[in-house]
Structure formats: structure tokens, C-alpha cells
Amino acid sequence: MRKTYHGSCHCGAVRFEADIDLTQGTSKCNCSVCAKGRFWKVIVGGDELRVVTGSEKLTAYRFGGGAITHFFCDTCGMKPFGQGEKESMGKFYGVNVACLDDMPVKDLVAAPLEYQDGLHDHWERRPQEVRHL
Ligand SMILES: [Zn+2]
């Protein structure tokens with residue numbers, strides 16, 4: 001069931017809301033940016049995330065092919081979400097579940113968790129090692 005959750009960066013300048021269906025699961029990826037940031041995410045559609053305040057505080061970061069835009073707060077450095085577009089999915093957001101202020105931990109840990117081998121451009125595949133993610 002889709003439910004609206006509210007999130008923010010650490011300093012509170014950036015506030016957003018996202019319509020999330022936790023039964024769809026959460027994911028962690030081993031690509032260079034996700035692994036360094038320990039980015040634990042949930043995917044929502046392009047019209048299922050709304051920045052409520054602080055959009056001017058968000059700095060966009062891209063690397064490699066630049067397929068994903070990683071947004072971080074220019075004051076506190078938190079990355080509340082990234083944005084991308086795929087032929088199979090259309091426009092989407094990867095929401096940092098750690099930035100969701102009203103998602104109960106018990107609900108988060110009960111949701112299915114999938115691992116992705118983004119390091120080798122095989123997001124559909126589980127990496128051999130996931131314990132560090
Ligand atoms: Zn901030």
C-alpha cells in the first residue's frame with residue numbers, strides 16, 4: 001500500500017515527501033557512490049516525490065555516464081534522494097530511507113531488501129559480497 005512519508009536532510013533546510021509502497025522493497029547497491037555513502041534507498045516514480053522546502057539548497061552531482069543525478073544539501077551534505085530515468089521505468093527517484101523522518105524502523109526493516117551489482121553495471125544481479133553495504 002502506498003503511503004506518504006516525510007523526509008529531510010540533516011540541517012532541515014531540505015524537506016520533501018514521497019509516496020512509498022514498502023511492499024515493493026528497498027535496495028542497496030555496490031556502485032562507487034552508493035557504497036561510499038552507504039545509500040539505502042527505495043524507488044518511487046517521477047511524480048511520487050515532492051520537494052516541500054529547500055530545493056534551492058540542493059546541489060546536483062553526476063559522475064560516469066551521468067545517468068543518475070545525486071542531490072545533496074549544500075549546508076549539511078546529506079543526500080536525501082537521487083533522480084534518474086530508465087527506458088523500463090521512466091523518470092524515477094531513489095529516496096534515501098535514512099532521511100525519512102516518519103518511517104518506523106520496524107516497517108523499514110520488515111520490508112524486502114534487494115542488493116544490486118551497480119559496480120559492474122548489473123543492477124539486476126546480486127553482488128557476491130554485500131555485508132559492507
Ligand atoms: Zn541540510
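The numbers here are math on the coordinates, done by the rules we state, and not lab data. From a predicted model like this one, the values you see are computed outputs, not experimental measurements. When we count neighbours, we look across all protein chains shown, and the Cβ atoms used for this are built from the backbone with ideal geometry, even at glycine.
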Cα gyration tensor, the range 2-120 - rounded (a/c under 1.5), prolate or oblate: rounded
Relative contact order (percent, whole number), the chain, Cα cutoff 8 Å, 6+ residue spacing: 30
Residue-count net charge about Thr69 - beta-carbon cut-off 12 Å; Lys, Arg +1, Asp, Glu -1: +2
Of Lys28/Lys57; Lys3/Lys57; Lys3/Lys36; Lys28/Lys106; Lys57/Lys79, those spanning more than 22 Å from alpha-carbon to alpha-carbon: Lys28/Lys57; Lys3/Lys57; Lys3/Lys36
Using θ = phi - 60° and Karplus 6.51 cos²θ - 1.76 cosθ + 1.60, couplings along the range 34-39 (whole Hz; Gly, Pro as x): 5, 5, 5, x, 6, 7
Mean separation of Cα contacts under 8 Å (6+ apart) over length of the range 45-96, as relative contact order %: 31
Counted charge near Lys91, where neighbours are those whose Cβ lies closer than 12 Å (Asp, Glu -1; Lys, Arg +1): -3
Cα-based shape type of the range 1-60, given that a ≥ b ≥ c are square roots of the gyration tensor eigenvalues and the cut on a/c is 1.5: oblate
Low-density loop cleavage sites - trypsin sites (Lys or Arg not before Pro) in the range 17-85, where at most 13 other Cβ are within 10 Å (DSSP): Arg38, Arg62
Neighbourhood net charge (13 Å Cβ-Cβ; Lys/Arg +1, Asp/Glu -1) for Pro127: -1
